[in-house]
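Let me give you the structure first, and then I'll get to my questions.
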Amino acid sequence: MENKPLESESSTGAAYVSMKGVGHKYDPRPDAAMAVQDIDLDIHRHEFVSVVGPSGCGKSTLLRMVAGLLIPSHGEVSVFNRPVTEPRDDVGIVFQKANLLPWLTVRKNVLFPLKHKYGSYSASDEKRANELLEMAGLTQFADKMPEELSGGMQQRVGIVRALLLNPDILLMDEPFSALDALTREQIGFDLLDIWKAQPKTVLFITHSISEAVLLSDRILVMSKRPGTVLDLIEVDLPRPRSQQTINSARFAELTDLIRGYIYEPNTPT
Amino acid sequence: MNQTLPLKSWLKYQVNRFAPALFFIGLVILWEIICVVGKVPNYILPSPSAIVTAFFNVEFSRWMTHLWATLRVALMGFALSIAIALPLSIGMMRSELMNRILYPALIVIQSTPVVAVAPLIIVLLGTDDPSRVLITCLITFFPLVVSTTTGMLETPPEMIELSQSLRAPRYRETWQIRIPYAIPHIFSGLRVSITLAIIGAVVAEFVAAEEGLGYFIQFSTSFFKIPQAFAGLIFLSIISLLLFKSVQWIQMWLFPWSLPKKK
Ligand SMILES: Nc1ncnc2c1ncn2[C@@H]1O[C@H](COP(=O)(O)OP(=O)(O)OP(=O)(O)O)[C@@H](O)[C@H]1O
Ligand SMILES: [Mg+2]
């Protein structure tokens, strides 16, 4: 009797994306350095996990391994208990640059994954693209070319494109780092709205500590190359997060904690 | 004061606007003056007026016959080299082995002087269009292969990762991502190639032909009709320039997004 709630607890909180002893070495020579090593991380379904760490510590490498674009040389990544050996259909990726195709309109860029994967799309797909564009406030730009949009709007299109195939897992590699501070904050809140409306398991890479704290449930802090886990921080700030969250004392504590990890060990002050 | 200033700036603006044309006109006038004052004989450097007169002394229909002969060979050679260069570049981009085998071969072909090989080609293929088209093709296809391959390889790696993450078939990666990304490069290759195509056709005519602008120039020179040879030469340059511009217009018309952004 006592076990029952525990069991259901563990099944809802079960690891969805799981990394066990994951490491990677690009260079196959035996004495070559690892790019990332010993990453153990379990991400629950619909959890928002951020990764922060110094440049070159292997964040993008980690993301590529979860995406199935790169098979780890050590350890194993699995999704829903299945090892990841190739890209999965239920994963959407958002890159640092929006990476829109300059010869397609915004709508056609959003529909591109279908066109590219299957060769065509249906009227109902188009309807879905329009709905997603509306949700992102881009309806009036649907027939414009990407170059006519601001950087922030282009990145929104990039996110909408990743949502088209309704992925369960959303991988984002420094998606907002090309944007100015104001746009960046706004688009972060918008991402949380989207995430709330269409829950997804998010792995979010960023260089911005405050962005990580503002958005995430948990934050993986990585060390310098070869990147490994320094800490896994639970962000116990209430949701929905807002401008007030940023002003709270806990927010400052958490950002300071992470800043300590990133700057202290190697800064000779 | 108030009136001279705008006038002055207006003049400056107009001069600036027509500077290229003015420079060109100035050059032609200078040329005419040198010829007339220096009494330069026509067979050394004909004056612009003599060239114009020579141009109109040749019947219009004869010009058209020669023009058509040259244009026909140039455009067929150009089309053939596009037809060869595109699949070749795709193959070299897709297959490392093919790249390793073909690249040295291409460089050897490119560094062989076509003028020296042209007579051999004529011996092999005869004195008709096919040999001239082949000579033109040999001159034009290398820049096309280089620019197309470069363009396809410069596709942003993230776009390729997007394609891989979708597990899309390779041919769609090529057609929907790589080739469109290569369009600006392909067109700079096409612009170089189209002017080389005219040169190729003329080289072929120098070796063996009974018509064409190259043949016309050679034949005029051998009869010491120097102003007429110059008229042919200038006509040829204008045609070459128009073809170059047409490639730009086609790019503007079909691929407006591929033009360099004006900042
Ligand atoms: N394709 C590759 N081949 C060889 N080495 C690579 C490759 N990609 C990355 N590396 C190396 O692996 C290490 C980790 O790279 P990665 O791009 O994952 O870092 P990152 O944390 O994403 O850095 P940044 O914050 O600058 O984006 C780096 O030292 C990099 O030089
Ligand atoms: Mg990175």
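Please go through the range A:39-76 and give me each residue that is more than 16 Å from A:TYR16 (Cβ to Cβ), without any contact (Cβ under 8 Å) to a residue 24 or more places away in the chain and more than 12 Å from ligand 1 (Cβ to nearest atom), ordered by number.
Within the range A:39-76, A:ILE71 is the sole residue that qualifies.
Kindly indicate whether any position in the range A:202-209 is of a type in the set (Phe, Trp, Tyr), closer than 30 Å to A:LEU104 by Cα, within 16 Å of ligand 2 (Cβ to nearest atom) and more than 14 Å from every other protein chain (Cβ to nearest Cβ).
yes
Report every pair of residues separated by at least 6 positions or lying on different chains whose Cβ atoms are under 8 Å apart, first residue within the range B:40-60 and small (Gly, Ala, Ser), second modelled with pLDDT of 90 or more and part of a loop (DSSP other than H, G, I, E, B).
Note: pairs meeting the criteria are B:ALA54/B:PRO46; B:ALA54/B:LYS225.
Let me ask you something else. Kindly indicate whether A:ALA212 is within 16 Å of ligand 2 (Cβ to nearest atom) and either surrounded by fewer than 17 Cβ atoms within 10 Å (Cβ to Cβ) or of a type in the set (Gly, Ala, Ser) (or both).
Answer is yes for this residue.
Where residues in the range A:27-68 are assigned to a loop (DSSP other than H, G, I, E, B) and within 13 Å of ligand 2 (Cβ to nearest atom), which of them is nearest to A:ASP168 (Cα to Cα)?
The extreme case among them is A:GLY58.
Condition check: touching a helix residue (DSSP H, G or I) at 6+ places or on another chain (Cβ under 9 Å) and either within 13 Å of ligand 2 (Cβ to nearest atom) or more than 20 Å from A:LEU111 (Cα to Cα) (or both). Does A:PRO72 satisfy that?
So A:PRO72 passes the test.
Those residues that are surrounded by fewer than 22 Cβ atoms within 10 Å (Cβ to Cβ) and within 16 Å of ligand 2 (Cβ to nearest atom), I need them from the range A:158-176; list them, please.
Selection gives A:GLU174 alone.
While we're looking at this one, here's another question. Looking only at the range A:189-211, decide whether some residue is touching a strand residue (DSSP E or B) at 6+ places or on another chain (Cβ under 6 Å) and among the small types (Gly, Ala, Ser).
The answer is no; no qualifying residue exists.
Still on this model: Step by step: first the residues of the range B:159-178, then only those that are in contact (Cβ under 8 Å) with a residue 40 or more places away in the chain and not polar (S, T, N, Q), then the one that is nearest to A:VAL94 (Cα to Cα). Which residue is that?
B:ARG178
If you check every pair at least six apart or on different chains, which have Cβ atoms under 6 Å apart with a residue in the range A:77-95 that is facing chain B (nearest Cβ under 10 Å) first and a residue that is hydroxyl-bearing (Ser, Thr, Tyr) and not in a strand (DSSP E or B) second?
A:PRO87/B:SER165; A:ILE93/B:SER165
Where in the range B:150-228 are the helices (runs of 4 or more DSSP H), entirely inside, with at least 2 residues that are within 14 Å of chain A (Cβ to nearest Cβ)?
Filter on the range B:150-228 gives B:157-165, B:179-207.
Which members of the range A:206-252 meet the condition of being more than 24 Å from A:LYS196 (Cβ to Cβ) and either of a type outside the set (S, T, N, Q) or modelled with pLDDT of 95 or more (or both)?
First, the residues of the range A:206-252 that are more than 24 Å from A:LYS196 (Cβ to Cβ): A:207, A:221-231, A:249, A:252.
A:HIS207, A:VAL221, A:MET222, A:LYS224, A:ARG225, A:PRO226, A:GLY227, A:VAL229, A:LEU230, A:ASP231, A:ALA249, A:ALA252, listed by residue number.
Further, regarding this structure: Looking at the range A:186-203, can you tell me whether even one residue there is within 16 Å of ligand 1 (Cβ to nearest atom), closer than 25 Å to A:VAL36 by Cβ, buried (at least 21 other Cβ atoms within 10 Å of the Cβ) and touching a residue at least 24 places away in the same chain (Cβ under 8 Å)? Break it down into steps so the answer makes sense when it comes.
Residues of the range A:186-203 that are within 16 Å of ligand 1 (Cβ to nearest atom), as a first pass: A:203.
Retained after the next criterion (residues that are closer than 25 Å to A:VAL36 by Cβ): A:203.
The next check asks that each one be buried (at least 21 other Cβ atoms within 10 Å of the Cβ); those that pass are A:203.
Right, trim to touching a residue at least 24 places away in the same chain (Cβ under 8 Å) and you get A:203.
So far as the range A:186-203 goes, yes, one or more of its residues are within 16 Å of ligand 1 (Cβ to nearest atom), closer than 25 Å to A:VAL36 by Cβ, buried (at least 21 other Cβ atoms within 10 Å of the Cβ) and touching a residue at least 24 places away in the same chain (Cβ under 8 Å).
Another one. Can you tell me how many residues in the range A:93-141 are of a type in the set (Phe, Trp, Tyr) and in contact with a strand residue (DSSP E or B) (Cβ under 7 Å, 6 or more places away or on another chain)? Let's see the steps before the verdict.
To start, the set of residues in the range A:93-141 that are of a type in the set (Phe, Trp, Tyr) comprises A:95, A:103, A:112, A:118, A:121, A:141.
Now narrow it down to the ones that are in contact with a strand residue (DSSP E or B) (Cβ under 7 Å, 6 or more places away or on another chain): A:95.
So the count comes out to 1.
Those residues that are within 16 Å of ligand 2 (Cβ to nearest atom) and surrounded by 21 or more Cβ atoms within 10 Å (Cβ to Cβ), I need them from the range A:85-97; list them, please.
Across the range A:85-97, the qualifying residues are A:ILE93, A:VAL94, A:PHE95.
Here are some conditions: (1) away from ligand 1 (no atom under 16 Å from the Cβ); (2) farther than 26 Å from B:TRP175 by Cα; (3) buried (at least 18 other Cβ atoms within 10 Å of the Cβ); (4) basic (Lys, Arg). A:ARG82 meets all but one. Which one does it not meet?
(3)
On to the next question. Look at A:PRO102 and say whether it is in contact with an Asp or Glu (Cβ under 7 Å, 6 or more places away or on another chain), within 12 Å of chain B (Cβ to nearest Cβ) and in a loop (DSSP other than H, G, I, E, B).
yes
Report the residue count in the range B:208-236 for those that are among the hydroxyl-bearing types (Ser, Thr, Tyr) and in contact (Cβ under 8 Å) with a residue 12 or more places away in the chain.
2
Determine if the range B:18-29 includes at least one residue that is in contact (Cβ under 8 Å) with a residue 12 or more places away in the chain and surrounded by 11 or more Cβ atoms within 10 Å (Cβ to Cβ). Spell out how you get there, then give the answer.
So in the range B:18-29, the residues in contact (Cβ under 8 Å) with a residue 12 or more places away in the chain come out as B:28.
If we keep only those that are surrounded by 11 or more Cβ atoms within 10 Å (Cβ to Cβ) as well, we get B:28.
For the range B:18-29, residues in contact (Cβ under 8 Å) with a residue 12 or more places away in the chain and surrounded by 11 or more Cβ atoms within 10 Å (Cβ to Cβ): present.
Could you tell me how many of the residues in the range A:105-144 are hydrophobic (A, V, I, L, M, F, W, C) and away from chain B (no Cβ under 14 Å)?
9
One residue is enough: does the range A:154-177 have a residue meeting the conditions more than 18 Å from the chain's Cα centre (by Cα), of a type in the set (Ser, Thr, Tyr) and either within 16 Å of ligand 1 (Cβ to nearest atom) or more than 9 Å from chain B (Cβ to nearest Cβ) (or both)?
The answer is no, given that none of the residues of the range A:154-177 is more than 18 Å from the chain's Cα centre (by Cα), of a type in the set (Ser, Thr, Tyr) and either within 16 Å of ligand 1 (Cβ to nearest atom) or more than 9 Å from chain B (Cβ to nearest Cβ) (or both).
The values are calculated or read from the model by the stated rules, or taken from the named source; none is laboratory data. Predicted model, so just to flag it, every value in this text is computed and none were measured. Positions of Cβ are generated from backbone atoms using ideal geometry, with glycine treated the same way; all protein chains shown enter the neighbour counts.
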